[in-house]
Amino acid sequence: LGGGTNTLFSDDGFKGIIIKLSVKPGSIFAHMSLNVSYVSAVDVCFECGAALSLPYSVNQTARQGLSGLEHLAGIPGTVGGAVFGNAGVKIFSISDCLKKIEVINFDGVKQILDRKDINFTYRNSGLKNCIITRAFFMLKKANKNDILDVILRELTKRKNTQPSGTKNAGCVFKNPQNDFAARLIDSLNLKKYRVGDAEVSAVHANFFINKNNCSAKNMLALMDFVKNKVYEKYNIILEPEIRIVK
């Protein structure tokens, strides 16, 4: 479990082992290397632990004048979680600047996986039966103010288009090819539609809000209802972006 974003646990709990990498000061999983290694006059290799906060990584690399992660500004969670889910925006995914990762498989064996050996797709890394422990990114030296301008634009866009300050798990569904889940849901006038305390956001239709004491059952019922309505109207099957753990 990274930062717990984009994750929905069953009301019955989870009968298994959950591993969450330590974020305590000094933890090898929460470090970042600001003594970056220069690959060329422009390219820089940046390395950090998988439990490091993604927003912190974005801000710190920007302040070092390193470009590559700035479009991820405002996305919560950890670096490892972002790599696992191939987090990103319309024009960029974290895999675009990833060089390699360190993982430990379920037999306890440590491995280094190059970017080319990982089957990244939209909001998916294809990684299974392993724990991401470190990530290495290929960034570029750039003007710090230009990078900070991109971050400000991304944060402003999120503030204006997403339900900030609410209890939500991020985008519920992946965008279908050549379309947007939010547009499809909004076109059916489903904003503010509610099942128990789970509600389709009035600001962004692909965000479902916990209005008070929402259960996983409420959220799953709302997801099923919206998914069925979209399929009935458009013959499109929405695929969850939220990971459902039972």
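Which entries of LYS116/LYS144; LYS144/LYS191; LYS141/LYS167; LYS128/LYS159 have Cα-Cα distances beyond 32 Å here?
Details: LYS116/LYS144 29 Å; LYS144/LYS191 39 Å; LYS141/LYS167 37 Å; LYS128/LYS159 34 Å.
Check vs 32 Å cut-off fails for LYS144/LYS191; LYS141/LYS167; LYS128/LYS159.
The GNM of the chain, with springs linking C-alpha atoms under 10 angstrom apart, assigns the highest mean-square fluctuation among LEU190, LEU52, LEU98 to LEU190. Taking Cβ atoms as reference points and 13 Å as the exclusive limit, the residues near VAL42 contribute a net charge of +1, counting Lys and Arg as +1 and Asp and Glu as -1.
Helices from the chain with mean Kyte-Doolittle at least -0.5 and a Cα length along the axis of 24 Å or more, per DSSP H: which?
Flagged H segments are 216-234.
A Gaussian network model of the chain, with springs between Cα atoms under 10 Å, assigns the largest mean-square fluctuation among GLU47, GLU154, GLU232 to GLU232. What would the Debye formula give as log10 I(q)/I(0) at q = 0.12, 0.15, 0.18 Å⁻¹ for the alpha-carbon point model of the chain, no solvent? The Debye formula, applied to the Cα set alone, gives -0.75, -1.12, -1.42.
All of the numbers you see were taken from the coordinates with simple rules; none came from a lab. Note that the structure is predicted; figures quoted are calculated from it, not measured. As a convention, Cβ positions derive from the backbone with ideal geometry for all residues, glycine included, and neighbour counts pool all protein chains shown.
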